[in-house]
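Enquirer: Can you read through this structure? Questions will come right after.
The values are calculated or read from the model by the stated rules, or taken from the named source; none is laboratory data. These figures come from a predicted structure and were not determined experimentally. Every residue, glycine among them, receives a Cβ derived from its backbone with ideal geometry; neighbour counts consider all protein chains shown. Side chains included, ligands, DNA and RNA excluded: accessible areas come from the protein's heavy atoms. Shrake-Rupley method; radii C 1.70, N 1.55, O 1.52, S 1.80 Å.
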Amino acid sequence: LEERHVTHIAMESTGIYWKPVYNILEGYFDITLANAQRIKNVPGRKTDVCDAEWIAKLLRHGLIERSFVPPQNLRELRDLTRLRKKLIGNLTAEKNRISKTLECSNIKLGSVISDVFGVSGRKLLNRLVEQGYLEEIDIHTCLHHSLKKKKGTITDSLFGTLNEHQIFLIRMSWNHITFIEQSIQDLEGRIELLLQPYHEEQEILLSIPGVKQNTAACIIAEIGTDMNQFPTSRHLASWSGVSPGNNESAGKKKAEKLFKGIRTSNQHSVK
């Protein structure tokens with residue numbers, strides 16, 4: 001491409017297949033990433049060569065809307081924040097699985113303790129998994145603070161029987177929970193490292209009521225810090241999928257749905 005004095009490149013954002021090519025060419029050329037839906041060719045001319053010619057023609061005439069692709073460090077931060085969200089979902093699923101197994105064993109711990117996976121709940125579950133049952137002295141040792149007043153109720157809630165199969169299921173989920181929690185901790189350390197250059201922006205976001213550390217990291221990862229990408233707040237709202245689009249024909253306005261899910265850089269162009 002350099003030998004042929006190419007300076008501008010346009011490509012479709014198809015799945016994740018554009019990413020390895022983009023990563024190689026980034027920094028050497030002016031790259032325009034286009035939403036594939038918006039640069040469709042006319043029917044009957046569908047080959048890869050024809051598509052490439054069509055995209056090149058659109059680029060020469062300035063008819064391609066450039067998709068928003070954040071810098072590499074923000075793309076890495078975005079990967080980490082999205083992975084953390086996935087891991088938190090997996091963590092919740094494993095906790096629910098343990099709660100379900102306990103209910104099947106007639107152990108009603110969740111009805112007495114608000115957080116089964118708090119300090120006291122974890123100690124009780126550890127003993128339960130190790131022994132298969134809990135004695136009164138075990139319960140007294142595991143309870144902390146105000147839960148000691150509920151000792152009798154908690155003891156009654158633990159009146160159940162865990163067979164070998166159920167203990168195995170709980171142990172598997174418990175080991176997975178431990179692994180996921182350690183992975184989330186490692187992720188958060190990496191996220192904090194990548195957020196260091198954006199300390200000022202992070203502090204501004206944290207000043208917004210309801211925005212905490214994790215939310216601020218997600219906002220920076222998803223939309224970046226260079227708001228020149230979005231001429232107005234309405235453009236940002238449209239790109240993020242929180243405002244309906246316009247779909248009108250012959251004076252009739254058709255229904256438009258809001259986007260559900262995570263926006264990715266290859267799905268939207270900056271208008």
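Enquirer: Magnitude of the Cβ-charge dipole of segment 7-107, K/R +1 and D/E -1, about the Cα centre, nearest 20 debye?
Expert: Numbers: 17 positive and 11 negative charges, 77 e Å.
Using Cβ point charges on Lys, Arg, Asp and Glu, segment 7-107 gives about 360 debye.
Enquirer: What figure in square angstrom, to the nearest 10, would you give for the accessible area of I24 with a 1.4 Å probe?
Expert: 120
Enquirer: In addition: Protein chains only, probe 1.4 Å: how do K253, K108, K95 rank by accessible area, largest first?
Expert: K253, K108, K95
Enquirer: Under a 1.4 Å probe, what is the accessible area of segment 1-80 per residue, stated in Å²?
Expert: 69
Enquirer: Bins of 10 Å, beginning at zero and ending with the bin holding the largest distance: percent of Cα pairs per bin for segment 1-102, please.
Expert: Values per bin, smallest distances first: 12, 33, 24, 14, 10, 5, 1.
Enquirer: Further, regarding this structure: With every protein chain left in place, what is the accessible area of T14 in Å² (1.4 Å probe, nearest 10)?
Expert: Counting only protein heavy atoms, T14 exposes about 70 Å² to solvent.
Enquirer: Just by accessible area at a 1.4 angstrom probe, what is the order of C218, C104, C142 from largest to smallest? The partial results should precede the final answer.
Expert: Numbers: C218 50, C104 95, C142 5 Å².
The most accessible residue leads, giving C104, C218, C142.
Enquirer: So, one more: Got a number for the accessible area of K46? Probe 1.4 Å, square angstrom, nearest 10.
Expert: For K46, the solvent-accessible surface is approximately 150 Å².
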